[in-house]
Amino acid sequence: MSTRLGRWRSSQWQPGVSEPGKSSGRRLVHDVAVALPAWLTARVLVLAALAAAHPLQTRYRPLASSARRVREGLLAWDGDWFHDIAAQGYAALPRPGLRYFPLFPVLGKALSIVLFANVGLSLIVLANLFALLAGAALHRLVLQERGDERLARRATWMLALAPPSFVLVMGYTESLAILLAIVTFLTLRRRRWGWAALGGYLSGLARPLGVLLSIPAAIEALPQLRQGSGRQRLNALAPVVAPVAGCLTYLAWVGVRFGDPLLPYSSQQTPEFRGGFANPLVTLVKTGGELVTGQFATKNVPHLPWALVLIALVVLACRRWPLSYGAFALATLAVALSTERLGSLERYGFACFPVVLAATTLVTSERVQRVVLAVSGGLMTMYATLTFLGLYVP
């Protein structure tokens, strides 16, 4: 019992690097400057993948849809949905479009006002801007937690070059969701409840998994909820309920507009997408059996190795990072695995930044870092190329 209590207390925030003499503006500039090289490298690799996909599609024509995917480029797959939502609104699209939460396309529509009404360009600009800011925020968070500049710099590279991180270059909501999650943790750990509530509320509007930020918020707020005054308890409670409130705001609008508030979730559970709820253990065991018996063509088998990697990284996050980090990673992976089909598992898993931080702690030297980043960047480029050819669903 005393060991558990000690681990709980050690998970509470302690100052890392205060950087005396640096204003908030100077710290932000420093964080962005640190994140910039990794951010630029990722964009060079993804654009190279897109350039390579054009002649590959022309020569081999792997799928009937490949020409369309290559033509859509950075707005392929979910990016096409976000583009249509921003340009036309939900009412003009099939009901499955409701599974894409509104914050990212609304921001894209707003930015298009000053970008010559080019919604596609607006979404790509925003996604890449948010990705840069996410790297900067992650650098600041690691400094705040560990006070280790090397680890913080390494984390920005691991985030930018994780195998599924090519979606941070595309018109996807992931970069915004990652940024909001990191900012929410930054403010939660400093007990800035109002800012944490704002980050959580926006996260609930950004993607279906945004509600999971209520879990780390509850963990961080628990001491205040147990021992604080009435006003302090209300302040600490705000970031706990905010992610749910953000999600409910969108669901309530869907209910009023389309008659069923659960459409954003039920439309995701059709067989053509991720299917219905399933026990994660049953799914993993069944997929392992398919692998052993040589049924490589099933849709879940290609995701099994990544499922095992993600499970290991979540365990590591629980052991090496504060309790709220591990709980957030565990909840995210549990939800991602609780479906009949494991499509997009890699994107869901690595978009949970504590998973990236767990991987970062495994890299113990500059030499190992170079090898890991070379392999990870190569995998990211490969997956990006397959995505643009329509052979991989991100």
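Read-outs throughout are calculated quantities, based only on the coordinates presented, and are distinct from any laboratory measurement. Note that the structure is predicted; figures quoted are calculated from it, not measured. Neighbour counts run over all protein chains shown; Cβ positions are idealised from the backbone, glycine included.
Some points to look at:
- As a rough footprinting exposure proxy, the listed residues Glu272, Glu290 were ranked by other beta carbons within 10 Å of their own, and the order from fewest upward is Glu272, Glu290.
- Among Ala278, Ala329, Ala221, the residue with the largest mean-square fluctuation in a Gaussian network model of the chain, with springs joining Cα atoms closer than 10 Å, is Ala278.
- Under Karplus coefficients 6.51, -1.76 and 1.60, residue-wise ³J(HN,Hα) of segment 259-267 in Hz, glycine/proline x: x, 9, x, 8, 4, x, 9, 5, 5
- Principal-axis analysis of the Cα atoms of the chain puts helix 119-146 at an angle of about 30° to the longest axis.
- Measuring nothing but how far apart in sequence close Cα pairs (under 8 Å, 6+ apart) lie, relative to its length, the chain scores a relative contact order of 22 percent.
- Remark: Leu36, Leu333, Leu284 ranked as Leu36, Leu284, Leu333, counting other beta-carbon atoms within 10 Å and listing the fewest first.
- Placed amide H near Glu340: partners under 5 Å, 5+ positions off or other chain: Gly276, Ala278
- Relative to the dominant Cα principal axis of the chain, helix 174-189 is inclined by about 10°.
- About the centre of its Cα atoms, segment 278-394 shows a dipole size close to 140 debye [charges on the beta carbon of Lys, Arg (+1) and Asp, Glu (-1) only; nearest 20 debye].
- Prolate/oblate/rounded call for segment 156-260, Cα gyration tensor, a/c under 1.5 rounded: oblate
- Cα gyration tensor, segment 22-133 - rounded (a/c under 1.5), prolate or oblate: oblate
- Dipole moment magnitude, nearest 20 debye, the chain about Cα centre, only Lys, Arg, Asp, Glu C-beta charged: 820 debye
- Overall shape: oblate for segment 224-321, with the ratio a/c of the largest to smallest alpha carbon gyration tensor axis at 1.5 or above and b/c at least equal to a/b.
- Acute angle (nearest 10 degrees) that the helix 24-60 long axis makes with the longest principal axis of the chain, alpha-carbon atoms: 20 degrees
- Percent RCO, i.e. relative contact order, over segment 43-129, from Cα pairs under 8 Å lying at least 6 residues apart: 20 percent
- For Lys286, the lysines whose Cα comes closer than 21 Å to its Cα, not counting residues fewer than 8 places off in the same chain, are Lys299.
- Mean-position separation - Cα centroids, segment 105-145 and segment 66-100, in angstrom: 18 Å
- Sum of -39500 (n - 2.57) over DSSP H runs of 4+, divided by residues of the chain (222 nm, nearest 500): -23000 deg cm²/dmol
- For the chain, the convex hull drawn through the C-alpha positions has a volume of 166 cubic angstrom per residue.
- Residue exposure sequence - Val241, Val34, Val169 - by fewest surrounding Cβ within 10 Å: Val241, Val34, Val169
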